[in-house]
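Below is one structure, written out as structure tokens; the observations come after it.
The values are calculated or read from the model by the stated rules, or taken from the named source; none is laboratory data. Quick caveat, the model's predicted, so the values are computed rather than measured. Glycine also receives a Cβ, built like all others from the backbone with ideal geometry; neighbour counts cover every protein chain displayed. Side chains are part of the model used for accessible areas, which takes the heavy atoms of the whole protein and leaves out ligands, DNA and RNA. Shrake-Rupley method; radii C 1.70, N 1.55, O 1.52, S 1.80 Å.
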Amino acid sequence: MTTQGMYYTVATDKGFDAAVASVEEATTAQGMKVLHIHDVQATLQSKGYVVEPLKIIEICNAHYAYEVLAKDVMISLMMPCKINVFTREGQTYISALRPTMLAKFFPGAGVDEIALQVDAKIRAIVDAASR
């Protein structure tokens, strides 16, 4: 497990596709919704670039989104929340940008408590999906 100020990353014994499916399941279990999954590997391969598997999973909860947007519409620049699943040298990882960064990037918005709540959900999703 790696916790940096900006992101939270966990290695998993699951294969890449199983990890992606687990993120989708854990997202629903936390009361959030998967909005879109970007297959970065496929996109880059279609342009002739060879990269290891990477999917960016965009997730959201309408209640939290409404609350932060009501405080500062510019927070939309960091929305929706993203969880990445990727492999490096055969190891699968699940990683997320920490929602607590919202409070740091928008210190006057008063989103500290909301960011902490969403951060806990995001870390729970990553942890559950990695098991």
Test: residue in region 39-54 that is part of a strand (DSSP E or B) and within 24 Å of Ala129 (Cβ to Cβ): yes
Some residue of region 43-50 being open to solvent by less than 30 Å² (accessible area, probe 1.4 Å) and not acidic (Asp, Glu): no
Every residue from region 31-54 that is within 15 Å of the chain's Cα centre (by Cα) and more than 30 Å from Asp112 (Cβ to Cβ): Asp39, Val40, Leu54
Matching residues in region 73-116 - criterion: being in a helix (DSSP H, G or I) and surrounded by fewer than 16 Cβ atoms within 10 Å (Cβ to Cβ): Val73, Met74, Ser76, Leu77, Met78, Met101, Lys104, Phe105, Asp112, Glu113, Leu116
Contacts under 6 angstrom Cβ, first residue in region 51-69 being free of Cβ contacts under 8 Å to residues at least 40 places away in the same chain and under 13 Å from Val23 (Cα atoms), partner assigned to a helix (DSSP H, G or I) and of a type in the set (D, E, K, R), 6 or more apart: none
Residue list for region 59-72, filter: outside any helix (DSSP H, G or I) and closer than 23 Å to Ile37 by Cβ: Ile59, Cys60, Asn61
Long-range neighbours under 6 Å by Cβ, at least six apart or interchain, first residue in contact (Cβ under 8 Å) with a residue 60 or more places away in the chain within region 107-131, second in a loop (DSSP other than H, G, I, E, B) and open to solvent by less than 50 Å² (accessible area, probe 1.4 Å): Ile122/Pro99
